[in-house]
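See below for the structure under consideration.
The values are calculated or read from the model by the stated rules, or taken from the named source; none is laboratory data. Note that the structure is predicted; figures quoted are calculated from it, not measured. As a convention, Cβ positions derive from the backbone with ideal geometry for all residues, glycine included, and neighbour counts pool all protein chains shown.
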12 protein chains.
Amino acid sequence: MANHVYKKIELVGSSPNSIEDAVNNALAKAAKTIRNMRWFEVVETRGYIENGQVAHWQVGVKIGFTLDEDE
Amino acid sequence: MANHVYKKIELVGSSPNSIEDAVNNALAKAAKTIRNMRWFEVVETRGYIENGQVAHWQVGVKIGFTLDEDE
Amino acid sequence: MANHVYKKIELVGSSPNSIEDAVNNALAKAAKTIRNMRWFEVVETRGYIENGQVAHWQVGVKIGFTLDEDE
Amino acid sequence: MANHVYKKIELVGSSPNSIEDAVNNALAKAAKTIRNMRWFEVVETRGYIENGQVAHWQVGVKIGFTLDEDE
Amino acid sequence: MANHVYKKIELVGSSPNSIEDAVNNALAKAAKTIRNMRWFEVVETRGYIENGQVAHWQVGVKIGFTLDEDE
Amino acid sequence: MANHVYKKIELVGSSPNSIEDAVNNALAKAAKTIRNMRWFEVVETRGYIENGQVAHWQVGVKIGFTLDEDE
Amino acid sequence: MANHVYKKIELVGSSPNSIEDAVNNALAKAAKTIRNMRWFEVVETRGYIENGQVAHWQVGVKIGFTLDEDE
Amino acid sequence: MANHVYKKIELVGSSPNSIEDAVNNALAKAAKTIRNMRWFEVVETRGYIENGQVAHWQVGVKIGFTLDEDE
Amino acid sequence: MANHVYKKIELVGSSPNSIEDAVNNALAKAAKTIRNMRWFEVVETRGYIENGQVAHWQVGVKIGFTLDEDE
Amino acid sequence: MANHVYKKIELVGSSPNSIEDAVNNALAKAAKTIRNMRWFEVVETRGYIENGQVAHWQVGVKIGFTLDEDE
Amino acid sequence: MANHVYKKIELVGSSPNSIEDAVNNALAKAAKTIRNMRWFEVVETRGYIENGQVAHWQVGVKIGFTLDEDE
Amino acid sequence: MANHVYKKIELVGSSPNSIEDAVNNALAKAAKTIRNMRWFEVVETRGYIENGQVAHWQVGVKIGFTLDEDE
């Protein structure tokens, strides 16, 4: 286990509701093509404003996954 | 559209409930005097503690708005 | 009041639900041994992934408390 | 002269042509309402892409100006 | 009190004497037009040199003030 | 639109002429395999020197693109 | 001597007078319970404002001390 | 040569022995699918602890490689 | 397991031999009083020079450990 | 070649025209006394304003050069 | 004047009394060999502790000076 | 001793073997012309890759030395 290699990719998820949902949306998208995701790191939190209110949150995440059998 | 100029201001919103509410409170306050707000960036998340619990969240946001016809 | 001295410690709280709950869990743990906690600063937001979803949020917080009569 | 006070504001200028033009556009806009601008600092360089090419550069600048007789 | 909104502005104060005086000069200038200033954060310390000596200190401060009844 | 997910990749473009050209070269290369590029962020500006002059500029850019139908 | 281990803690000292006094106050408090303090690093300089003037300086310091015989 | 475009990816290599071995393991893994790797930058050094000792080092590296004929 | 709380402390280990040994020395010292150490993060690498050579390496590490039954 | 040692110095070049010219002016000056310059890194981009326009760009560069036969 | 080139060097001055004196001591030393010093930037503030008190302040400064006729 | 002034220079050492050797090579080079070197700080760790393996490590170090009788 000690010699695992991980790859980190950076996604930006968005949601009209919350920071957590924006992260979940990014993970759900990534899960369609990446196996073995292990951890994420929030690297940026921002969003767009419409009519003086948050229209949607945009949250940057780095996602780490194991590069062992595949890729 | 390519030559727009934007101004960024920095506010700190607070809320006893959540990070998202603290941001919303800052935007609601700003919307009273600023038109054309377009985006925000969370730059700091902190808060005050009372009786060993979060009393209120304090979230710093930079807000970008268009400087075109006005100001 | 002007000559207060504060100490800051760094904890990481976790929660399967939200960033706010992870912070609350860290504060609840700290409150068992520390009196006079005054403020916190979120310094890191990350988490573990299981089955392509957030398994739990892990939020690093610095907690400031008064060092006056005790410690 | 030694006791001058300066204020710094943050603008984002844009231009389809170059980083320098984006800064110039921000300054030209600011010059309509601010006297005594002295210096700027580039704090962010980014841009939008259309059809695989730079559509316009967006350059964040902090602008410092003297707060002496006015404002 | 929990829903206060604060605005942060950035000034640069200067003084031939000390870092503290440069901050004080910035605050004194700001106090002429801003009510309800609450805290400051030193973000930059620099200065100009003449004849091999400090001619004046220039200290950048962010100043936070309450946006409640006014502005 | 609010639930878009974006991916960010990091390229380094180079050019003997200018920072802008180095960015353009990176985008042109990326456009051969990536659809739906939306924005870029300059993260590093450096270059190689030959005979005491700039031989070529090397500019690091993060490029954001929509992950919606594909990948 | 080469294998010493040091611990660093973070305090915030305050003083109505100066940055230096705020640091001294933090050290004086720490000296009551910590032996063998060796060095400090200023990590944050801020303060509270009352009536448009500095009410007190608040200076964050990391303090390093030897962990050899004790703790 | 002046118009080369490079891509940077971020991996985390691990090793029970040393920082250098963790980097080497990341490179060896990457070399299975990437041609033309040119340089790396260490961006993070951490590790897991078991029984009070380093169980394995985990070293984050950005790897730059030429995007010229391929990808 | 999802609601664990961790504490992070910062030590500086030293060694005449290598960065790895300096980290190991810090961990060995910490292991005398802390149970349940889980991970470390290298935050600073420096050292002292004597006679134009490295006399000893000094490596700052943050160490995370579980706060569950104890402390 | 593997054991080369490089020195990095920091210059600030200025130009009324462009960022690139400011860098070129710094290199031209350095080339009068330094042989074997290999690379540069832009570390700061700022400038002075006169009459509401850029008077000159000031660009900070770190320059790396080989320390092999000389110095 | 627009094409001036400046060099920046980094010194650490020390003083038992104050941050300002530590900077002044660094400048006084530099003034013995460098002409045309123009500005400084404080980049680090730290110090040594003896007997639980500040023994001396150590302040890192970058000093900028004109490279025009000389060097 | 309290009023010492130090100068810091930045070198990049390289080695095919290890980070430590790269630092040692930088110090050995510096020791040929600089007396009284006291400490170093590692500021960057990177390297070149050949044939999918580390060809040589390149480690940036800032070196501090006393400016007292000489220079």
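So residue K:18 ticks every box in (1) of a type in the set (S, T, N, Q); (2) surrounded by 17 or more Cβ atoms within 10 Å (Cβ to Cβ); (3) closer than 26 Å to residue J:43 by Cβ but one. Which box is left unticked?
Failed condition: (3).
If you check residue F:19 against the conditions, is it more than 10 Å from the chain's Cα centre (by Cα) and either farther than 22 Å from residue A:13 by Cα or of a type in the set (D, E, K, R) (or both)?
On the way: more than 10 Å from the chain's Cα centre (by Cα): yes; either farther than 22 Å from residue A:13 by Cα or of a type in the set (D, E, K, R) (or both): yes.
The answer is yes for residue F:19.
Let me spell it out: the conditions are (1) among the small types (Gly, Ala, Ser); (2) closer than 27 Å to residue A:6 by Cβ; (3) buried (at least 19 other Cβ atoms within 10 Å of the Cβ); (4) within 7 Å of another protein chain (Cβ to nearest Cβ), and residue C:60 meets all of them except one. Which number is the exception?
(4)
Which one is farthest from residue J:14 (Cα to Cα), of the residues in segment J:31-49 that are among the aromatic types (Phe, Trp, Tyr) and under 14 Å from the mean Cα position of the chain (by Cα)? Please lay out each step first, then the result.
Quick first cut of segment J:31-49, residues among the aromatic types (Phe, Trp, Tyr) only: J:39-40, J:48.
Among the residues that remain, those that are also under 14 Å from the mean Cα position of the chain (by Cα) are: J:39-40.
On the way: J:39: 18, J:40: 15 Å.
Within segment J:31-49, the match that is farthest from residue J:14 (Cα to Cα) is J:39.
Looking at (1) buried (at least 16 other Cβ atoms within 10 Å of the Cβ); (2) among the hydrophobic types (A, V, I, L, M, F, W, C); (3) more than 24 Å from residue K:16 (Cα to Cα), find the lone condition where residue L:40 falls short.
(3)
Kindly evaluate residue B:53 against the criterion of being closer than 30 Å to residue C:65 by Cα, modelled with pLDDT of 95 or more and surrounded by fewer than 15 Cβ atoms within 10 Å (Cβ to Cβ).
On the way: closer than 30 Å to residue C:65 by Cα: yes; modelled with pLDDT of 95 or more: yes; surrounded by fewer than 15 Cβ atoms within 10 Å (Cβ to Cβ): yes.
So residue B:53 fits the description; yes.
Only strands (runs of 3 or more DSSP E) wholly contained in chain B count here; list those with 3 or more residues that are among the acidic types (Asp, Glu). Can you show your working first?
On the way: elements: B:5-15, B:37-50, B:53-66.
Strands (runs of 3 or more DSSP E) meeting the threshold: B:37-50.
Specify the residue that is farthest from residue A:60 (Cα to Cα); the eligible residues are those in segment F:13-27 that are facing another protein chain (nearest Cβ under 7 Å) and free of Cβ contacts under 8 Å to residues at least 40 places away in the same chain.
Per the criteria, the residue is F:18.
Which of the residues that make up segment D:28-59 are in contact (Cβ under 8 Å) with a residue 12 or more places away in the chain and of a type in the set (A, V, I, L, M)?
Matches in segment D:28-59: D:30, D:34, D:37, D:42, D:43, D:54, D:55, D:59.
Identify, from the list E:46, E:35, the residue that is basic (Lys, Arg) and either surrounded by 22 or more Cβ atoms within 10 Å (Cβ to Cβ) or more than 7 Å from every other protein chain (Cβ to nearest Cβ) (or both). Even if it seems obvious, please write down each step before you answer.
Values: E:46 fails: either surrounded by 22 or more Cβ atoms within 10 Å (Cβ to Cβ) or more than 7 Å from every other protein chain (Cβ to nearest Cβ) (or both).
The match here is E:35.
Scan H:27, H:11, H:67 and give me the residue that is at pLDDT below 95 and buried (at least 18 other Cβ atoms within 10 Å of the Cβ).
Only one candidate qualifies: H:67.
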